[in-house]
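Accompanying notes for the structure given below.
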There are 2 protein chains.
Amino acid sequence: MSGVTLYVCTTCSRSNPRYGDSPRAGKILHERLSEEQLPEGVALVGVECLSACSRSCSVALTAPGRWTYVYGDLDPDIHVAAILDGAARYSATDDGLVPWRERPEIFRKQSVARIPPQES
Amino acid sequence: MSGVTLYVCTTCSRSNPRYGDSPRAGKILHERLSEEQLPEGVALVGVECLSACSRSCSVALTAPGRWTYVYGDLDPDIHVAAILDGAARYSATDDGLVPWRERPEIFRKQSVARIPPQES
């Protein structure tokens with residue numbers, strides 16, 4: 001499967017003294033993800049604000065014909081591998097619906113929202 | 001403009017003794033919206049779970065080529081008119097980006113997430 005976009009909010013702050021205000025935690029998360037090998041068919045795109053500010057850091061996974069998912073409360077120091085694992089599982093689906101037990105814990109417990117597939 | 005979908009989570013609960021558990025607040029919100037005149041170009045669709053459970057009741061606005069928005073903390077008794085007003089303003093845009101001052105208050109203050117336009 002292909003055509004998956006992993007959006008990362010680059011303006012997310014996070015209440016974490018490790019990061020302070022500059023650079024922002026979301027930017028750090030984006031940078032760390034960009035240094036990794038992305039799953040096949042997944043493109044990484046930084047976005048200025050996913051409007052999930054109260055759940056910072058946040059990411060979204062979307063692809064034509066699939067459910068879109070938004071996740072939050074992510075930590076650049078902890079969650080990079082799990083985000084990539086979840087993105088790989090999402091990319092392997094036809095509809096974006098990864099079976100519950102196969103989702104990484106952050107995708108089970110830190111969902112912000114999901115949106116049905118867009119009708120084309 | 002056309003092709004806008006207003007999704008309403010029909011399984012949302014809401015901590016409100018007026019509704020109790022049956023029918024759920026999300027189902028009531030969907031019913032009340034369906035009784036109204038929808039803005040031109042807007043289709044109303046009920047969805048079982050938008051995964052924004054902690055921000056119940058929730059809705060999403062989406063259309064091909066436009067930003068998708070998810071809103072939460074909505075009350076079927078209070079917010080039907082504002083949701084329809086916001087949907088009309090969204091429907092009138094090319095990209096889904098309604099100028100900040102023109103958004104109803106619930107769209108300014110109760111955003112759950114937004115996702116960039118899907119590349120076709």
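The values are calculated or read from the model by the stated rules, or taken from the named source; none is laboratory data. On a predicted model such as this, the values are computed, not experimentally measured, just so you know. Reconstructed Cβ throughout: ideal geometry from the backbone, glycine too, with neighbour counts over all protein chains shown.
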Looking at (1) β-branched (V, I, T); (2) over 12 Å from the mean Cα position of the chain (by Cα); (3) within 14 Å of another protein chain (Cβ to nearest Cβ); (4) over 26 Å from B:C12 (Cα atoms), which is the only condition A:I78 fails? (3)
Can we say A:V4 is more than 17 Å from B:V112 (Cβ to Cβ), in contact with a Phe, Trp or Tyr (Cβ under 7 Å, 6 or more places away or on another chain) and of a type in the set (A, V, I, L, M, F, W, C)? yes
For region A:31-50, enumerate the residues that are in a strand (DSSP E or B) and hydroxyl-bearing (S, T, Y). none
Please indicate, with yes or no, whether at least one residue in region A:37-55 is out of contact with any Lys or Arg (no Cβ under 7 Å at 6 or more places or on another chain), surrounded by fewer than 14 Cβ atoms within 10 Å (Cβ to Cβ) and more than 14 Å from every other protein chain (Cβ to nearest Cβ). yes
Of the candidates B:A63, B:A52, the one satisfying the condition of being of a type outside the set (S, T, Y), at pLDDT below 95 and under 18 Å from A:P117 (Cβ atoms) is B:A52
Do we find that A:P64 is within 24 Å of B:A60 (Cα to Cα), more than 14 Å from the chain's Cα centre (by Cα) and within 11 Å of chain B (Cβ to nearest Cβ) in this structure? yes
Only listed residue being over 22 Å from B:G65 (Cα atoms) and touching a residue at least 24 places away in the same chain (Cβ under 8 Å), chosen from A:L50, A:L74, A:L61: A:L74
All positions within region B:76-116 that are surrounded by fewer than 17 Cβ atoms within 10 Å (Cβ to Cβ) and either in a loop (DSSP other than H, G, I, E, B) or in contact with a Gly (Cβ under 7 Å, 6 or more places away or on another chain) (or both): B:D77, B:I78, B:A92, B:T93, B:D94, B:D95, B:L97, B:P99
